[in-house]
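For reference, the structure is listed below as structure tokens.
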Amino acid sequence: MYGNAACSINPTEASYESSSFMKPKIRVHYEISRQRDCNGFGFCVIDLYFTIREGKKGNGLLYTDDASRNTLILEINKSTDITAESYEKYFKSGIFLMEDDCPLPLELSKSLELAGQKIIRSGNHRIVENNGILYVYLPLK
């Protein structure tokens, strides 16, 4: 089964964590389902606002990939940011499916120091899991 997320990403706080570029990492909330009707696979909501993890809703850190400013990484802690059911249904396969493009809110783009309006592309996106942390790679256009 493919993972999906609703196009809702809400940043709760910007923090600068140790990295070679001192890039911002934004705490976000997301809802899994496609953009057009908040059903299916993809992001229906990506927001700055923190929410309780339940069902298709979760939290994570969002930041740009060191290798490419045209890719975002959504970092999700399996034990604190999502439910076990959400992990099984949307992330376990190693592929995160987005049926629709998801516009990144302008506030998020600015917080991530990205110029202009960005859109997370639809498609199958790679997930890397390491020590209980999921890294979802989200290409931008």
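Coordinate-derived values only; no laboratory data. Predicted model, so just to flag it, every value in this text is computed and none were measured. No Cβ is skipped: glycine too gets one built from the backbone with ideal geometry, and neighbour counts run over all protein chains shown.
Pop a pseudo-label 7 angstrom from the Cα along the beta-carbon direction at both Ile119 and Glu107 and give the gap in nm to one decimal.
Each label point lies 7 Å from its Cα, and together they span 2.3 nm.
Greater than 21 Å separation of Cα atoms is the criterion. Which listed pairs, Lys56/Lys110; Lys89/Lys141; Lys56/Lys78; Lys25/Lys57; Lys57/Lys110; Lys57/Lys92, meet it?
Values: Lys56/Lys110 26 Å; Lys89/Lys141 27 Å; Lys56/Lys78 14 Å; Lys25/Lys57 19 Å; Lys57/Lys110 23 Å; Lys57/Lys92 16 Å.
Going by Cα-Cα distance, Lys56/Lys110; Lys89/Lys141; Lys57/Lys110 fall outside the 21 Å limit.
Calculate the spin-label point distance for Ile95 paired with Asn39, positioning each point 7 Å from the Cα along the beta-carbon direction, and give it in nanometres.
In this crude spin-label approximation the distance works out to 2.3 nm.
Between Glu85 and Asn130, how high is the FRET efficiency from 1/(1 + (r/R0)^6) when r is the Cβ-Cβ distance and R₀ = 30 Å? Nearest 0.05. Please report the intermediate quantities before stating the final value.
On the way: r = 22 Å, r/R0 = 0.72.
Plugging the Cβ-Cβ distance into 1/(1 + (r/R0)^6) gives 0.90.
Averaged over every viewing direction, what's the projected area of the C-alpha convex hull for region 65-121? Give it in nm², one decimal, please.
On the way: hull surface 19.8 nm².
With the hull built on Cα positions only, its mean projection is 4.9 nm².
Among Thr71, Thr80, which comes first, second and so on when ranked by fewest other beta-carbon atoms within 10 Å?
On the way: Thr71 17, Thr80 11.
Going from sparsest to densest Cβ surroundings: Thr80, Thr71.
Under 5 Å between amide H atoms, partner at least 5 residues away or on a different chain: which partners does Gly60 have, H built in plane at 1.01 Å?
Excluding prolines and chain starts, which carry no amide H, the hits are Val28.
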